[in-house]
Every structure is written in C-alpha cells, then in structure tokens.
1. Need the full-extension length gain, K88 to N324, defined as separation in residues times 0.36 nm minus the C-alpha distance. One decimal, nm.
2. Compute, for the range 162-240, the length of the dipole vector about the Cα centre, with Cβ point charges of +1 (Lys, Arg) and -1 (Asp, Glu) only. Units Debye, rounded to 20.
3. Return the distance in nm (one decimal) between the two label points of a simple spin-label model at R142 and K221, each offset 7 Å from Cα along Cα→Cβ.
4. Keeping every protein chain present and rolling a 1.4 Å probe, give me the accessible area per residue for the range 83-207 in Å².
5. Starting from the Cα of Y307, move 7 Å in the Cα-to-Cβ direction to define the label point; list residues of the range 105-135 whose amide nitrogen is under 19 Å from there.
6. Using the per-residue mean of other Cβ atoms lying within 10 Å as a proxy for protection, in what order, highest first, do the peptides 141-150, 92-101 fall?
7. Between T20 and K232, what length comes free when the chain is fully extended (0.36 nm per residue of separation minus the Cα-Cα distance, one decimal in nm)?
Amino acid sequence: MKFLPIVLILILISCRKENTYYYADKTPIKDSTVIHFVDDELKKLKINPEEKNLEVYTVLDSVSYKSNVDSIRNKIFRKSDLKPQYKKAFDDWLREKIIIVDNRTGKIINYYSSFKNKKYDRKDVSLGGLRRLVRAGNILYRNPGTEIPDNYLFDYSCPVISGKALEISRDEVLFLSKFGIAVKESSYFYNLISFQDAIGLFYAYNEGYTGKPFVIDWIFKNGKKIYTHRNKPQKIFNKESSEKIRYLLSYIKDHSFGAFKKQLPNTENLIFFGSNYDYFTMVNDGKYTYFIYISGVVFTNLKKKEYKVILPGMFKRIEIQYYNAIRK
C-alpha cells in the first residue's frame, strides 16, 4: 500500500496530454521553429508553455509553409546572378526570419525562420536603426503641419554620430508607449524591441492606427477556453500626418536604392535598416506588410567563439529576391 501514492502520481502524469498548436485551418503545427515562436507569444500572455493540456489556435497560414527554406532559396538562386562563393555562403551560413502581416486584420499569417537552434536565434532589434522613423512619427503626431525633408528616412552610413543625436527624449518614450512599446529614456542603441514591435510600428505608420500584429487567436485548457484575442486599434495619426509619413517611406523606394525601382514595382513603401552584422527590411505592398531579417554573422562554434561574416554587399539584392519569392 505504501507504493499507492507513487502509482497514482505516475498515472496522473501519464494522463497529462502534450500541448497541441494549430494553424488557422486547424492543421497541427509540426515545425519546431514555429512552435518556438508560438511559445514566445504564450509567455507574453503570461501563459507558461510548459503547462500541459493546452490547445493553441493561431492565425498562421499552413499553406504558406510549403514555401520552406529550400524552395525559397531555389527560387532565389534561379533568378540570381550571385557569384558561386556567395551562393555557397548563402546556403551554408545565412540565417533569416520572415513575418508577414495582413494589413486589414493585423494577423501574422506567415512566420518563417531558419534558426533551427534556439541558442543562435535573434528575436529583437536595436531601436537605433529606427530612430529616424520614431522621431518623424513623434514630430508629426504632435504637430502634423511640420515640414520634414523628403530624404529624412534614408539609410545614412555616416560612421560618426554624436551622442546627443542618439538620445531618446521623454516625448519619444511617451510616443512609443502608445504602441505598447516600453523603452528607457537613454540611448536609442541601448533599447531593444522585439521583431513584432518593430513591424507593429511600421504597420501602424502605414495604416494610421495602433494595433499590434498577433498570432494567437484562442487558447483552450482541458477543453475550456482561457484566452480570446481582442484587438482594440486606436487612431494615432490624422490624415495629414499619415500622408506625410507614407510619402517619406515611399520616397526611399523611389529615390534611395536604384535596384528597388525595377525589382519592387508593386510596393507602396519600405524601410531598410541594420548594422554591419544584422539587416532588416520592412515592406508594405498595400495588402500585406513584410518583415525580412537576415543575420550577417553565423556562429560556427559557440564554445570556441568562432563565426563567419557575410559580406554586406550581397544583402540588399538578397532581401529583394526574398521578398519577390515569398510575397502572397
């Protein structure tokens, strides 16, 4: 009889079901990188993904995952004039992440990552690369009549930036809080925001109102619904501000990068930002907003701290080709 409690505990443990995650068409999610992504979203909702008996229904499109890394890369290689050594680097080293948001609903309909190993994954960006976007939005939010230079959002490559120019002001902190983005009043480069926050900011600039892109629709535990997504968008920019912001973003596409004129003809606007090692492109085509992240540094041996660096010159063309390969 003394073994009875132990037996009962083992029976109870064996009865606990593993969690199941579903695409929007109720197809079970098997891709480990997508499961990691959903787990991170669960944590934001204060739900421990280690709990059992959870049924998580997402808004992700199962069909889009048929365009896996191999087919995407094959499309790029077929249309690419990359040198053989670049193709090998691209295939062996490059790591990328893609998020696609439906502009009308805010649903994250596609998530793709080639970061099979969570240790090497990236989930956030430095706010430093978005400081001009934030400042332009803050200025036009407070005073829509302000005139901002057409080329203000260009990707400047000046190696020397004053410390004062990198400080985030109190007004800018308050402005970001309207998007649910919490940052510290210090340097832009000392503040990191998630990929979803970055695309949410860009999405709001395009649509004129806040509303974070979301991936989880419903959650059940033991058959009982414990979560339902509720989106409460709020108007953030008036008509004049919205028109000016969209013009600044479209000006980049039309004037900043010559390749974009020919290869991205159907887009409304975009923003490109990054450092020597990480590159981000956000594109709006009117119906969907695309976030494309490419890691320029790939660790080949974490213990020995060995890594390889992708040459910066190949990235803009690759990002354009990625967009053309994955767009809906």
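The values are calculated or read from the model by the stated rules, or taken from the named source; none is laboratory data. What you see is a predicted model, and the numbers here were worked out from it, not measured in a lab. Every residue, glycine among them, receives a Cβ derived from its backbone with ideal geometry; neighbour counts consider all protein chains shown. Surface areas here come from the heavy atoms of the whole protein model, side chains and all, with no ligands, DNA or RNA. Shrake-Rupley method; radii C 1.70, N 1.55, O 1.52, S 1.80 Å.
1. 82.9 nm
2. 520 debye
3. 4.3 nm
4. 48 Å²
5. It comes to 114-129, nothing else.
6. Working: 141-150: 12.2, 92-101: 20.5.
Per-residue Cβ counts within 10 Å, averaged per peptide and sorted highest first, yield 92-101, 141-150.
7. Values: separation 212, 0.36 × 212 = 76.32 nm, distance 2.75 nm.
Full extension of this stretch gives 73.6 nm more.
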